Amino acid sequence: MSNKLFKSILKTDNRLDLKQTLFSGQSFTWKKIDLLSAYYVTKINKTIIFLREIEPGIIEALSSSKKINGLPINQFLFNYFSLEIDDIKVFPQRFKNDFPEVWRRVEPYHGVRIMRQDPFEIMVTFMCAQGIGMHLIRRQVSMIAEGYGQKVGLEMPEGEMIFHCFPIPSALASADPDELALCTNNNRIRAANIIAMARSFESGKLALALVGSGECDLETLRETLCAHSGIGLKIADCIALFGFGRFDTFPIDTHVKQYLWEWFGIEAARKSLTEKNYRYLQKEARKILGNEYAGYAGHMLFHCWRKEIKKMKAF
DNA sequence: TTCCAGGGAAAGC
DNA sequence: GCTTTCCATGGA
């Protein structure tokens, strides 16, 4: 492993709140680390990458390779943080008139970007996100990476640091259910579901079905994902939003359900999330948030709701 | 002890 | 088809 780190600079005119974006519950592999100053670090494919905000709109990246997925680091990051999306256009113009109080609350969260992450990683991650607290999701993802991901060392002034890649599909496809369950909150059903999904992915069946899914309609993508045990509508929507850049997807979980009632007065949001009601609530949410960026706006609202109303401090 | 946490699936009507 | 119940586990 080379000890050299390559430095690059990412500049953007759009707002990017690095910390809030990384810890808003869409990615669970980023960690905060203090070197000479505070950095956030993760591995993307085989590349270790450190990020630090120098000043608003300027991000410094230190990476163990010059390219990720064939792209120079700053180009990769531009796409990774979906910085081509003009954040001010995420909410429809009429929104700020119709819901001035909500707008006042959510406006400061426009630096929360939706990230384009690896589909397989997102699939595993959100299969771990079923009826469970967010810190436990983070713990599961960390343990899965430590247990099944390739280990890479990096020589730092303070000594060697160890990083773990997120496991490749074959590593999880061949995992022992009882052993993997130690990483999935002792939930064997979840472990078995992840293994089955990884086998489907590895065999190429799922992967092929998902190729070009950027163009396929949302319902087809959902059906493909929901065919797997452990993936229902909500988790499928999260995978579409965070793993396939489908910003028009609008996942509804317990928090979203709460703000749909409290902030927008949608009566049906007080009832349970049956599939019928789930689809109905999505329709109602699109009336308010528009279609194209419904999920993008929804994630800003989601993070805002948890921070401001639920007073959640820990990520 | 009870309730909640980024739900899903089987059972019941 | 739609709704209710059950499942699963850890933490506050």
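The values are calculated or read from the model by the stated rules, or taken from the named source; none is laboratory data. Because the structure is predicted, anything quoted here is derived from the model rather than measured. Using ideal geometry, Cβ is built from the backbone for each residue, glycine included, and neighbour counts are taken over all protein chains shown. For the accessible areas, the whole protein counts, side chains as well, though only heavy atoms, and no ligand, DNA or RNA atoms are used. Shrake-Rupley method; radii C 1.70, N 1.55, O 1.52, S 1.80 Å.
Any chance you could count how many residues in the stretch A:113-124 are of a type outside the set (D, E, K, R) and assigned to a helix (DSSP H, G or I)?
Total satisfying the criteria: 5.
Under 9 Å between Cβ atoms, at least 6 apart or on separate chains: pull out the pairs that start in the stretch A:220-234 with a residue that is free of Cβ contacts under 8 Å to residues at least 60 places away in the same chain and end on any residue that is within 13 Å of DNA strand C (Cβ to nearest atom) and charged (D, E, K, R).
Filtered contacts from the stretch A:220-234: A:GLY232/A:GLU275; A:LEU233/A:GLU275; A:LEU233/A:ARG279.
For A:ASP237, are the conditions met, namely being out of contact with any Pro (no Cβ under 9 Å at 6 or more places or on another chain), among the acidic types (Asp, Glu) and at pLDDT 95 or above?
no
Yes or no: the stretch A:261-281 includes at least one residue that is hydroxyl-bearing (Ser, Thr, Tyr) and without any contact (Cβ under 8 Å) to a residue 12 or more places away in the chain.
Yes, there is a match, as at least one residue in the stretch A:261-281 is hydroxyl-bearing (Ser, Thr, Tyr) and without any contact (Cβ under 8 Å) to a residue 12 or more places away in the chain.
Assigned by TED's automatic domain parsing to the domain that holds A:LYS271, in a loop (DSSP other than H, G, I, E, B) and open to solvent by less than 10 Å² (accessible area, probe 1.4 Å) - does that describe any residue in the stretch A:213-231?
No - not one qualifying residue is present in the stretch A:213-231.
With the condition being open to solvent by 10 Å² or more (accessible area, probe 1.4 Å), I'd like the helices (runs of 4 or more DSSP H) fully within the stretch A:1-112 carrying at least 3 qualifying residues.
A:73-80, A:95-98, A:100-106
Provide a single number: the residues in the stretch A:141-167 that are β-branched (Val, Ile, Thr) and either buried (at least 17 other Cβ atoms within 10 Å of the Cβ) or outside the structural domain of A:ALA198 (by TED's automatic domain parsing) (or both).
So the answer is 2.
For the stretch A:43-54, state whether one or more residues are over 30 Å from A:GLU146 (Cα atoms) and touching a Lys or Arg at 6+ places or on another chain (Cβ under 7 Å).
No, the stretch A:43-54 contains no residue that is over 30 Å from A:GLU146 (Cα atoms) and touching a Lys or Arg at 6+ places or on another chain (Cβ under 7 Å).
Which one of these does A:GLU267 not meet: (1) within 16 Å of DNA strand B (Cβ to nearest atom); (2) open to solvent by 40 Å² or more (accessible area, probe 1.4 Å)?
(1)
Is there a residue being part of a helix (DSSP H, G or I), open to solvent by 20 Å² or more (accessible area, probe 1.4 Å), in contact with a Lys or Arg (Cβ under 7 Å, 6 or more places away or on another chain) and away from DNA strand B (no atom under 14 Å from the Cβ) anywhere in the stretch A:249-257?
Checked the stretch A:249-257: no residue is part of a helix (DSSP H, G or I), open to solvent by 20 Å² or more (accessible area, probe 1.4 Å), in contact with a Lys or Arg (Cβ under 7 Å, 6 or more places away or on another chain) and away from DNA strand B (no atom under 14 Å from the Cβ).
What are the residue pairs meeting all of these: first residue in the stretch A:129-152, first residue within 24 Å of A:SER174 (Cβ to Cβ), second residue open to solvent by 40 Å² or more (accessible area, probe 1.4 Å) and within 16 Å of DNA strand C (Cβ to nearest atom), Cβ atoms under 6 Å, and 6 or more apart or on different chains?
Between residues of the stretch A:129-152 that are within 24 Å of A:SER174 (Cβ to Cβ) and residues that are open to solvent by 40 Å² or more (accessible area, probe 1.4 Å) and within 16 Å of DNA strand C (Cβ to nearest atom), the close pairs are A:GLN140/A:ASN185.
With (1) within 14 Å of DNA strand B (Cβ to nearest atom); (2) touching a helix residue (DSSP H, G or I) at 6+ places or on another chain (Cβ under 6 Å) as the list, and A:ILE137 as the residue in question, which single condition is left unmet?
(2)
Among the residues of the stretch A:168-184, count how many are more than 16 Å from DNA strand C (Cβ to nearest atom) and either surrounded by fewer than 18 Cβ atoms within 10 Å (Cβ to Cβ) or of a type in the set (Asp, Glu) (or both).
Total meeting the criteria: 4.
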